[in-house]
Every structure is written in structure tokens, then in C-alpha cells.
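What follows is calculated from the coordinates using simple rules that are stated; it is not laboratory data. These figures come from a predicted structure and were not determined experimentally. Backbone-built Cβ (ideal geometry, glycine too); neighbour counts: all protein chains shown.
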Amino acid sequence: MDIGPWEVFGILVAIIVVLTAWRFAPSGTRSSTGGQRAVQPQVVAVPAPPVICAACQTANTAGNRFCSGCGASLVPEEKTCPSCATVNPPGQAFCGQCGTRLTPAAA
Ligand SMILES: [Zn+2]
Ligand SMILES: [Zn+2]
């Protein structure tokens, strides 16, 4: 049973390593919790642009299908041709099949 100077040196190194790890452990925990706090606001702060009603200029919550101020539809609807019953995509002024006007003529 010989305990030489190298064994004592090894034990001292082991003690220093353990103490160093113990000192840095709490600071690492604090930084991780701080990171979580910094992430939380990003989940809450997701601005949804309001939808402005074309009829009454009311700012509606994004996702609304109808205006909360006047009840007008906020979603462009497909237009069925009164002549040939073809369903045309929103925004189309004339039927793509027969050319019938889909929007009421301006007075
Ligand atoms: Zn409106
Ligand atoms: Zn048509």
C-alpha cells in the first residue's frame, strides 16, 4: 500500500474538478431559466394584421368572415354565372365560359 505523491496529486485534481463543476452548475441553471423567460414573450407577441372592411372601414380581427361593423362578407366569394351556372373565382368581372357580366354594371 504505497500512496505516492502522484496519487495525492490525482486526488487534489479530482477535488478541484468537482469544486469547479459545482461552482459552474448554478450559473448554468440561471442562464437556462433566463433563456426560457426570453422565449415566452415571443410566443405571445404574434401580431395579427386586422382586416379592414371595404364597406365601412371597420378593423376586424384577422380570421373574421364577416364585418363586425356592418355584416359585410370579408372573404371574396366565388361568383356563379347567372347565364351558364359556371362558378368563377373571386375577383372575376365576367364569366370565363360565356362572357356574361358577373358584377352589377356601374350606374
Ligand atoms: Zn363593414
Ligand atoms: Zn357564364
ask   = Between region 1-18 and region 59-107, what is the C-alpha centre distance in whole Å?
value = 84 Å
Length added when fully stretched, Ala59-Arg101, from 0.36 nm per residue minus Cα-Cα = 12.0 nm
request  = Measure off 7 Å from each Cα along the Cα-to-Cβ vector at Glu7 and Thr20, then give the distance between these two points in nanometres to one decimal.
outcome  = 2.5 nm
